[in-house]
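Worksheet: the structure to be examined is printed underneath.
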Amino acid sequence: MGRQTDIRPTGATLYFLPVETRVSLKFGSETLTSTVVARVRLEVEGQSGQQGVGWGETPLNVQWVWPSTLTYEERLTALQELCRRLAQAWAAFPEWGHPLEVGQLFLTNLLPDIQKAINSERKAAEPLPYLAALVCCSPFDIALHDAYGALHQMPVYETYGPPYLTQDLAHFLTPTDGSGVSFVGQFPRDYLYYPRAQRLVAWHLVGGKDPIDEGELTGIEPDDGYPVLLRDWIRRDGLNCLKVKLTGIDTAWDYARLVKVGRLALASGCIWMSADFNCCAPDVTYVNTILDRLLHEEPRIYAMLLYVEQPFPYELEQHQIDVRSVSARKPLFLDESAHDWRLIRLGRQLGWSGVALKTCKTQTGSILSLCWARAHGMSLMVQDLTNPMLAQIPHCLLAAHTGTIMGVESNSMQFYPEASRPEATVHPGLYQRHHGELDLSTIRGAGFGYGGAECVRSLPTPALAVHSGKG
């Protein structure tokens, strides 16, 4: 018999919201100038026949989820078709349970088959990767968690244990042999922070094309009232933490970039930096050479470097690089490779010391990954997918309950600040950084605490609306 609190999905409505960037954002060898945001309205029913609705949203940042030589249009079309298939599958999914249970069953039993079917039909030389499938699935999964909280009139994070969730973590997770970790009798709430943080330190992204000083200006920068130069962003928003995008393929450029940003950061009173090699570094020697030179020649900048993010290729199982020499120098965080707790387990064996969580890999996966990593002594961070609009809210809530190594990355206000103007009328502190922080105090109430932010935007005609006819 199921619990009286269990739910199942009964319908899904999918919207595609196009967004243009004000400045370009470089991902590895590609540059993002626009994106499509997938927004989902998911309908659910409870054991007594009561109806509920939840909302989820994720940007489909093609260049990040699917680095490739294929055209942008070909990849985006495949992602959007996958979203449509997922809407049909979620609406028809028959499983009852808590969102973590239903979400994990979907991720395990359906998502790989849907990804395989899409790739089989495309008959393309390069298949749609699992990371892209996860990102397309995430707005549905996020909406499931939101709907559960809305149906029971509870904040989502108050439902991650009994009486709502009675399957302990041992049902979902397996510890590393010999670790002394046991998940028996443990629930996600045992690994989360309560009460949550109401303010979060915000990390600013320094993209590969972002101008640092006047000498890097091209004359085509936007004149829209928002800063362009890094020092102006630091002054306006009171920034303390800078994430620096690097190439991973040009040692001289990467080193010079870290030094240039680092010197400006020191002069501006910033406290922390991180280095993101965008999964392009060929081996540990590449990263270690830069870190060791920085330590020798620029020790103050080296000291500011809080962690290093995913220097090596996405496919962790195919590229099982021993990274202990890097993590001995600086904390080393999995990001693109951290699809789920099983890959995090492999990463820990290879020497990775931390995990960067992202809601775009599903709320279910993020919560389970957090629990596994924290139980095994790994540090945690919550990273951005340049989340605008509704996507910013679950993203910040995850960070607020995680107890990250330092705040949260948040950069939609750099690249498309006007995109979130409707939602900012409800949550102004989430879409503007003040004194280097985001203010979460307006997030409250049932579900993810959207507080009406899901209703303030005029939505386009749905890309697909599916109702299962259950009940």
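The numbers here are math on the coordinates, done by the rules we state, and not lab data. Note that the structure is predicted; figures quoted are calculated from it, not measured. Cβ: placed from backbone, ideal geometry, glycine included. Neighbour counts: every protein chain shown.
Structure values in brief
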{"read-out": "Contour excess over end-to-end distance, with Cα ends at residue 461 and residue 171 and 0.36 nm allotted per residue", "value": "100.4 nm"}
{"read-out": "Rounded to 10°, Cα long-axis angle of helix 111-122 versus longest principal axis of the chain", "value": "70"}
{"read-out": "Label zone at residue 69, where the point sits 7 Å out along the Cα-to-Cβ direction: region 101-136 residues whose backbone N lies under 19 Å", "value": "123-129"}
{"read-out": "Spin-label pair residue 236/residue 218, simplified geometry with 7 Å Cα→Cβ offset, distance in nm", "value": "1.9"}
{"read-out": "Where trypsin sites (Lys or Arg not before Pro) fall in DSSP loop in region 377-471, at most 15 other Cβ within 10 Å", "value": "444, 470"}
{"read-out": "Distance histogram for region 188-439 (every C-alpha pair counted, 10 angstrom bins, percent rounded to whole numbers)", "value": "7, 31, 36, 22, 4, 0"}
{"read-out": "3J(HN,Hα) from dihedral phi, region 82-92, Karplus parametrisation 6.51/-1.76/1.60, rounded to Hz, x for glycine, proline", "value": "4, 4, 5, 4, 5, 4, 5, 5, 5, 5, 9"}
{"read-out": "Cα→Cβ-extended label distance, 7 Å offset, between residue 289 and residue 193, nm", "value": "3.8"}
{"read-out": "Solution diffusion estimate, µm²/s, Stokes-Einstein, region 36-96, Kirkwood Rh from C-alpha pairs, 25 °C, viscosity 0.890 mPa s", "value": "181"}
{"read-out": "Relative contact order [Cα under 8 Å, 6+ residues apart], the chain, whole percent", "value": "20"}
{"read-out": "Ellipsoid semi-axes in whole angstrom, largest first, where each is sqrt(5λ) of the Cα gyration tensor of region 317-405", "value": "23, 13, 12"}
{"read-out": "Nearest 10 degrees, 0 to 90: helix 341-350 Cα axis against the chain principal axis", "value": "30"}
{"read-out": "Degrees, to the nearest 10: 284-297 long Cα axis against longest axis of the chain", "value": "50"}
{"read-out": "Distance (nanometres) between label positions extended 7 Å along Cα→Cβ at residue 325 and residue 266", "value": "2.7"}
{"read-out": "Cross-link table 26/123; 26/245; 243/330; 243/358; 209/243; 209/245, entries beyond 18 Å C-alpha to C-alpha", "value": "26/123"}
